[in-house]
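The values are calculated or read from the model by the stated rules, or taken from the named source; none is laboratory data. None of these values were measured; they are calculated from a predicted model. Glycine also receives a Cβ, built like all others from the backbone with ideal geometry; neighbour counts cover every protein chain displayed.
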Amino acid sequence: IGGVTQSFASGGSGSNISSDPATTDNTGLGLTGFPAQGTANKTAGISFTVSTIGYQDISISFDLRHSNTGPGDFQLQSCTNTAAATPVWTDVAAVTTVAGDNWYPRSFDLSAADSLENKPNAGFRVVSKFAGSTNAYNAATSTSAYSGGGTWRFDMLTVRGTSTFTGDVTPPVVNLVKVTSATTSFIKFSEALLSSSVTTLANYAFTPANAVTAATLSASGDTVFLTHGPLTNGQAYALNISGVKDAAGNTMTAANFNVLHNGSVPQLVITEIAHSPNDIEFIEVYNAGTTTVNLNGLKWTDGSTGNFPNMTLAAGANILFATSTATAASLMGGTYYLINNGLGSSTDQLVIRNTLDQVIDSVEYFVGTNGWPAAPTGVYGYSFELTNAAANNNLGSNWTVPANTISSASGTIRATPGAYPAPPVGPGTATVSFVGTKANVNENGVQVSVVANLIGGGASASSIDLELIPMGTATNGTDFTLPALMKFNWAANATNVNDTIRIDITNDALAENAEYFILRMANPVNISTPAAGSNNFTVFIQDDDMLAPAASQNVVLNYLTSLSNGAAGGNSAEIVAHDPLTQRLYIANSIGAKIDIVNFSNPSAPVVIYAIPVTAYGNINSLTVRNGIVAAAIENATPELPGKVVFLDSNGVFISQVNVGAMPDMITFNHAGTKVLTANEGQPNTAYTVDPEGSVSIVDISGGVAGVTQSNVTTASFTSYNSQVTALRTAGVRIFGPNATVAQDMEPEYITISADDQTAWVTCQENNAIATINLATSTVTSIKPLGTKDHMLTNNALDANDQGGVIQIANWPVKGLYMPDAVSSYTVAGTTYLVTANEGDSREYDGYAEVKRLSDASYTLDPTAFPYPEVIKANLGRLNITTASGDTDNDGDFDEIHAYGGRSISIWNANTGALVWDSGDDMEVMLSKHPVFSAIFNASNANNTLKNRSDDKGPEPEGVTVATINNKVYAFIALERMGGCMVYDITNPSAPVFTDYKNTRSIASYSGDQGAEGIIYISAANSPTGVPIVILANEVSSTLSIFGVQDNTPLGTQVSNIEAVNVNNQNKIIWNSATEKAGDVHEVERSLDGISFSKLAMVKGNGIASAYTYWDKQPKTGWNYYRLKLIRTDNEISYSKVVKAFQDSDQSF
């Protein structure tokens, strides 16, 4: 700083060197270019910032060498916050060197400076100073003359502190055991180790026995390198490790670790690949060698992942792998082993490696390009088969689609899983199949063609009827007209011959969703009827009269900017909170394990000031802020244990903390600022062996957060409902976790609080319910089920398939579980209403998973409720459904199909739990018709793939916040997958109006703002510009999307300018109206915290644009905040921006 330049210059020679233990590196940080004689005192030198959070008794040390002509005097300075707009530096110590050209160790004890402790941005400077009380610099050596070209050289600069945490009493644990060769391995520990305990060979024992001959410690001190006897390929070993101590002498708990080595490179060849549809994806691997191969330890990498089973594979034998083993076995026969990732539908890379990561075989396949075969038509699925195991299996010309067919429940499959080479195809019974499985036709199309293909016709002619299945939504004679002759015909000996039946389509004038009818073959003559799973053909009719909901644009979102709080992948922005007192934003950065603090004084150009690490507390889930106090919801490092609420000041400095329930997810202040509530989700561990109770914690902070203790925390628990499990299930509350009580199964997600702070409503997403809490008694008073959304009803359609590339929003016999995430509330005529964002979520753990594809063979549909189950599975097979509900009569099959989420927002009566209104299929219809975003309709937040989320939860409304603007109530909704914000006018709870939609992701490439989670509304009164603002927190892209809210129904009075200034111990408020009407009123309001305002005076408007002045003759000491409450003659209200003026305590400005 101060104009000096730096370089890594030689630090000395011989014995004249610094204390750096790296004696071969004698460089130091060299400075030169000091100020001219008699100028710039205490400005030139070095400056550095360090977080002292978690430390006290700070000290500083460094080695410093002055050149003979360099400054001989220096000043050590400190600063409590270098991130401040104008950092304040305090002189700590002044030092005069003895002589130049010598290294001197310098140390400074700052333990008395409590203000430097526990600071995120403590700063220190070492700067040149004038000698004594003079106005001149002295040279370091008295016989030399001072020169700005003289030098300083620094080394070993160290800031120390005493940890405020307890000493090390934690024994070391093993993080990783890895074999690096047949005779060498390493063990990575959690911390540095005691060398003498590492080299004791008895601390390491293999089972089966294998001698450990050497154990050495790494230079980093936390890794042990073992040398041992050769490990047998594929042999599973247990390595027992015990007796190892950390540097503090803590002894580890003895533990066993599975060790597996397979360094062989056998002649395994990938010989068959089926890449789609997903339920028959499989890979065949063939042993082309002459000896049996031990497969244990081999693995799939790159395009798919998974381990080979612990078995041997004989020469000439093969093994099968599939992504859905049970379904593949059911449809095609054979035994399959699991691979974890789906195979790409157009290309993918499949790699087999050993435990040393050496490649055994690798194939990059394509579909119809780069010389690879094209996909055949008229089949449910197919594979690529390698023609010769000795050929290069990366050449597409060496692969073919086998002629062999499998008649499965889902349709014809051309593949030979488990048979290599492929068996020859001989003559057989004539078979017929539809060419394709679906047709998509516009309503204004004249006809649709249905084509059937015959293979292997015999000596006689063949025929089969085409008939209508009675389960579609389109009507014969109204939407389409079947021909009089519905029969396919083929001449004798026909093979691979098509016949076509054409059906007329009717163009009506009705605005409708996509409609469909379904056909099948029957009454065969000299032919075999297709298997039930492939004997259906669906025709979709796309309506040309259906329009998207028109946006009223009573309010409009105007995009201001996006802010990144760090590179995506290493950071996240899931929740954002705004503090009007400091005009700062606070971002919960869970991936980065920190809270990012943002200067929001200019919403069009916000700046990240600094970040507060949270690892010392745990893992951050959420945060909120009020009156300069940040409250963070912190999850325990062991998530099933109690979490915390950590209170920080506006600079991120720790104030206090209390324990709350397990996995606090959402956190909020009540309206009075006297309580903080957390929704403790209490999810189970992945094995589902530990399932903590869900709850809501209520922290009383009425006495301030500095003195808050555990006695201030009460818990609203669900334990009193444990005995009511049967009644709750009968009512429709989803209680289904393995062996879980009601309290364990309930998973509170999000909280909204009544205007009078007496009641809280909590969404319990996985339970599809809302709980009500009495805040006076901290008790759960009710659990209300939300029921299901019938997608067969008008305006409740959905796009339920991610395949095909065509948007098909249609009614299907599916019921959606609302399963809301966020909830907000508002009151109309004394009745409180809840607004929910119906995202949907499943329980999907290693120990228990409720989700399946509807096509799964184990998901059996009730034959009475679904007389054509194969048709349902053929059309909706990709849809994710739950197995935890839908079997209404408990007979083992499913009477209702339950999917996740409502793909909507809903409004509920808070008192009765009754559904007042639901947005139906508005969101998907609007997105399907959008002039820009229809191109990536239902894309995920991880790609720009059309319809990618149609098989799951569609656009996934995640966040919602409610705001009143000019006496109208608006809901702002964040869409997690599609992104962006939808706006509804919900002033009339039974008849909301779509208002606007804005999205800041890119469709040209996968970029922009992705993964909207949290959403906040900043009122005009709290906005730094006086304009309301909406901010989306985008978790995936780690960005904020910032919008100004434009009200297109302005009041009669509009303020163009307002300011406040202190004049002679009085505050003068000046404003100008741009427009106003006769009878309009200006109320001047004052606040001492910028949050809570009270009426100061009323000024009648002039009825025309005018300038106004009001004097506050008795301002309070300190900052006084002012705003105008603008009331027009029809009683509609708006507010100006907030301004402020300062009154000194001594009554002088």
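Some points to look at:
- Selection count where residues are of a type outside the set (A, V, I, L, M), within 34 Å of the chain's Cα centre (by Cα) and either surrounded by fewer than 17 Cβ atoms within 10 Å (Cβ to Cβ) or in the same structural domain as Thr355 (by TED's automatic domain parsing) (or both), scope the stretch 173-202: 5
- Qualifying residue in the stretch 804-816 (condition: under 30 Å from Lys968 (Cβ atoms), over 26 Å from the mean Cα position of the chain (by Cα) and not assigned by TED's automatic domain parsing to the domain that holds Gly694): yes
- Selection from the stretch 1058-1081 of residues that are part of a strand (DSSP E or B) and either among the acidic types (Asp, Glu) or not assigned by TED's automatic domain parsing to the domain that holds Leu1096 (or both): Glu1059
- For Asp1089, the conditions (1) in a loop (DSSP other than H, G, I, E, B); (2) exposed (fewer than 13 other Cβ atoms within 10 Å of the Cβ); (3) of a type in the set (D, E, K, R) are fulfilled apart from (2).
- When residues in the stretch 953-1003 are screened for being aromatic (Phe, Trp, Tyr) and either without any contact (Cβ under 8 Å) to a residue 24 or more places away in the chain or crowded, with 23+ Cβ neighbours inside 10 Å (or both), 3 of them pass.
- Of the residues making up the stretch 1059-1097, those that are among the small types (Gly, Ala, Ser), out of contact with any Lys or Arg (no Cβ under 7 Å at 6 or more places or on another chain) and modelled with pLDDT of 90 or more are Ser1087, Ala1097.
- When each of Ala374, Ala415 is tested for being closer than 25 Å to Thr495 by Cβ and in contact with an Asp or Glu (Cβ under 8 Å, 6 or more places away or on another chain), the lone residue that passes is Ala415.
- Filtering the stretch 544-579 to residues that are touching a Pro at 6+ places or on another chain (Cβ under 8 Å) and either surrounded by 20 or more Cβ atoms within 10 Å (Cβ to Cβ) or of a type in the set (Phe, Trp, Tyr) (or both) leaves Leu560, Leu563.
- Of the strands (runs of 3 or more DSSP E) lying entirely inside the stretch 553-646, the ones with 1 or more residues being polar (S, T, N, Q) are found at 555-564, 584-589, 594-599, 619-626.
Okay, residues lined up against (1) within 23 Å of the chain's Cα centre (by Cα); (2) part of a loop (DSSP other than H, G, I, E, B):
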position: Glu1013; (1), (2): yes, no
position: Ile1016; (1), (2): yes, no
position: Pro1024; (1), (2): no, yes
position: Val1027; (1), (2): no, yes
position: Val1030; (1), (2): yes, no
position: Ser1037; (1), (2): yes, yes
position: Phe1043; (1), (2): yes, no
position: Gln1046; (1), (2): no, no
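- Near pairs, Cβ below 7 angstrom, 6+ apart or cross-chain, from the stretch 126-147 (among the polar types (S, T, N, Q)) to any residue that is surrounded by fewer than 12 Cβ atoms within 10 Å (Cβ to Cβ): none
- Scanning the stretch 87-133 for residues that are more than 53 Å from the chain's Cα centre (by Cα) and in a loop (DSSP other than H, G, I, E, B) yields Thr97, Val98, Ala99, Gly100, Asp101, Asn102, Phe130, Ala131, Gly132, Ser133.
- Of the residues making up the stretch 406-420, none is under 30 Å from Ile809 (Cβ atoms), of a type in the set (Lys, Arg) and either touching a strand residue (DSSP E or B) at 6+ places or on another chain (Cβ under 9 Å) or loosely packed, with under 15 Cβ neighbours inside 10 Å (or both).
- Selection over the stretch 924-941 of residues that are crowded, with 18+ Cβ neighbours inside 10 Å and either among the charged types (D, E, K, R) or in contact with a Ser or Thr (Cβ under 6 Å, 6 or more places away or on another chain) (or both) gives a count of 5.
- Some residue of the stretch 63-75 being under 30 Å from Val653 (Cβ atoms), under 43 Å from the mean Cα position of the chain (by Cα) and at pLDDT 90 or above: no
- Every condition in (1) in contact (Cβ under 8 Å) with a residue 40 or more places away in the chain; (2) touching a Leu at 6+ places or on another chain (Cβ under 6 Å) holds for Arg1086 except the one numbered (1).
- Candidate set: the stretch 249-268, residues that are of a type in the set (A, V, I, L, M) and part of a loop (DSSP other than H, G, I, E, B); chosen: the one surrounded by the most Cβ atoms within 10 Å (Cβ to Cβ): Met252
- Looking only at the stretch 485-531, and only at residues there that are of a type in the set (D, E, K, R) and in contact (Cβ under 8 Å) with a residue 40 or more places away in the chain, the one that is nearest to Gly411 (Cα to Cα): Arg520
- Test: Glu839 is buried (at least 21 other Cβ atoms within 10 Å of the Cβ), among the charged types (D, E, K, R) and at pLDDT 95 or above: yes
- Some residue of the stretch 104-123 being touching a residue at least 40 places away in the same chain (Cβ under 8 Å), among the aromatic types (Phe, Trp, Tyr), crowded, with 20+ Cβ neighbours inside 10 Å and under 26 Å from Ser18 (Cα atoms): no
- Meets criteria (within 23 Å of Thr715 (Cα to Cα), acidic (Asp, Glu), touching a Leu at 6+ places or on another chain (Cβ under 7 Å) and assigned by TED's automatic domain parsing to the domain that holds Thr624) for Asp745: no
- Out of Ile283, Ile319, sole residue that is in contact (Cβ under 8 Å) with a residue 24 or more places away in the chain, assigned by TED's automatic domain parsing to the domain that holds Ile406 and crowded, with 22+ Cβ neighbours inside 10 Å: Ile283
- Among strands (runs of 3 or more DSSP E) entirely within the stretch 346-400, having at least 3 residues that are over 36 Å from the mean Cα position of the chain (by Cα) and assigned by TED's automatic domain parsing to the domain that holds Gly289 singles out 384-386.
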